[in-house]
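The structure appears right after this line, and notes come after that.
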Amino acid sequence: MILAFPGQGAQKVGMGRDLAEASPAAREMFERIDVALDLPLSRLMWEGPEEELTLTHNAQPAILAHSVAMLAALGEGVSSAVAALGHSLGEYSAYVAAGALAPEDAAVLVRRRGELMLEAGRQRPGAMAAVLGLATSQVQAACAEATGPNEVAVAANLNAPDQTVVSGDPAAVERAGASCKARGAKRVVPLKVSGAFHSPLMAPAAEGLAEVLTTVSFEDPRIPVFANATGLPVRSAEVARELLVEQLTAPVRWVACVEAAAELGGDASFLEIGPGTVLSGLIRRIAPGSATAAAGTAADLEGFNASTRS
């Protein structure tokens, strides 16, 4: 079993509430993270308002809290996991699953990460757009054409062979999108974001994150965690810290992460832990022979427990 954890965009009002009602372990985890952050995050998750929940510095810890609460509820049911991976901020949840980070420390880190990313976006406003139905290599070529001396566009999220997110300065992203359409893209969809994530525009945030990462305890992961920045397995705390900093300005190499993880033990099965099922869909497209399942709700938890008992 390989554990997969979602990133920003999976948040919604009400997330995790049924899980807290069904599982004492999950409820305790939500409470621990509220205390660690010194704010009623769980109340914001369950009651909103939506516009506040979707702010980067709230959405990131909310998604992590949901993921690690489900992880706590699953307990021994996921003890046989052989690897973990996560999309963008989901990589922090993966390190929690691997025993490298305490849940509370991870929540504090992603809260600060979100604040730093928000501030970097205010300093140099950016844009992002999802390109659908075009090979990543073509998107990368369009970005290279759109980049000039003072404006940059990069392929930031390599989500599937034909789904790539472009990030950078607004004018360059617009030029890259037009070029992608000319190259045959089915759709180019602007994203509602507060900055150009996973692009050079996040350099100030990366500097701040590097400092914050030195303040928390980081252990060597018990199972390999596939890093977004490289697509390779990480087995040491030192490398994990370095790559989490690099992740802010590097592409999310999700295709490479999934392909490498799927090679573990032959017939790989992935369990997506946390809100939504977006990653399961991407995994099936990247590694068609892999089985996928999701665990994000109380009903999912009940189904998982029933399957392990049978």
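A few comments on the model shown:
- Those residues of segment 191-239 which are among the small types (Gly, Ala, Ser) and under 30 Å from residue 174 (Cα atoms), in sequence order: 194, 195, 196, 199, 203, 205, 206, 208, 227, 229, 231
- Across segment 250-306, the qualifying residues are those that are acidic (Asp, Glu) and touching a helix residue (DSSP H, G or I) at 6+ places or on another chain (Cβ under 7 Å), and the one among them that is surrounded by the fewest Cβ atoms within 10 Å (Cβ to Cβ) is 259.
- Selection status of residue 41, in contact with an Asp or Glu (Cβ under 6 Å, 6 or more places away or on another chain) and either among the charged types (D, E, K, R) or modelled with pLDDT of 95 or more (or both): yes
- Within segment 97-114, the only residue that satisfies the criterion of being without any contact (Cβ under 8 Å) to a residue 60 or more places away in the chain and under 14 Å from residue 211 (Cα atoms) is 110.
- Top-ranked residue in segment 1-21 [being more than 17 Å from residue 61 (Cβ to Cβ) and modelled with pLDDT of 95 or more; ranked as surrounded by the most Cβ atoms within 10 Å (Cβ to Cβ)]: 4
- Residue 203 vs. criteria in contact (Cβ under 8 Å) with a residue 12 or more places away in the chain and part of a helix (DSSP H, G or I): yes
- Residue within segment 200-214 that is within 26 Å of residue 79 (Cβ to Cβ) and surrounded by 16 or more Cβ atoms within 10 Å (Cβ to Cβ) present: no
- Looking only at segment 215-238, and only at residues there that are β-branched (Val, Ile, Thr) and touching a residue at least 12 places away in the same chain (Cβ under 8 Å), the one that is nearest to residue 255 (Cα to Cα): 230
- Restricting attention to segment 149-158, the residues that are touching a Ser or Thr at 6+ places or on another chain (Cβ under 9 Å) and of a type in the set (S, T, N, Q) add up to 1.
- From the options 171, 129, 153, residue that is touching a Pro at 6+ places or on another chain (Cβ under 6 Å), of a type outside the set (Phe, Trp, Tyr) and under 16 Å from residue 190 (Cα atoms): 129
- The residue that is nearest to residue 60 (Cα to Cα), among those in segment 254-310 that are acidic (Asp, Glu) and part of a helix (DSSP H, G or I), is 300.
The values are calculated or read from the model by the stated rules, or taken from the named source; none is laboratory data. On a predicted model such as this, the values are computed, not experimentally measured, just so you know. So basically every Cβ, Gly included, is an ideal-geometry build from the backbone, and we count neighbours across all protein chains shown.
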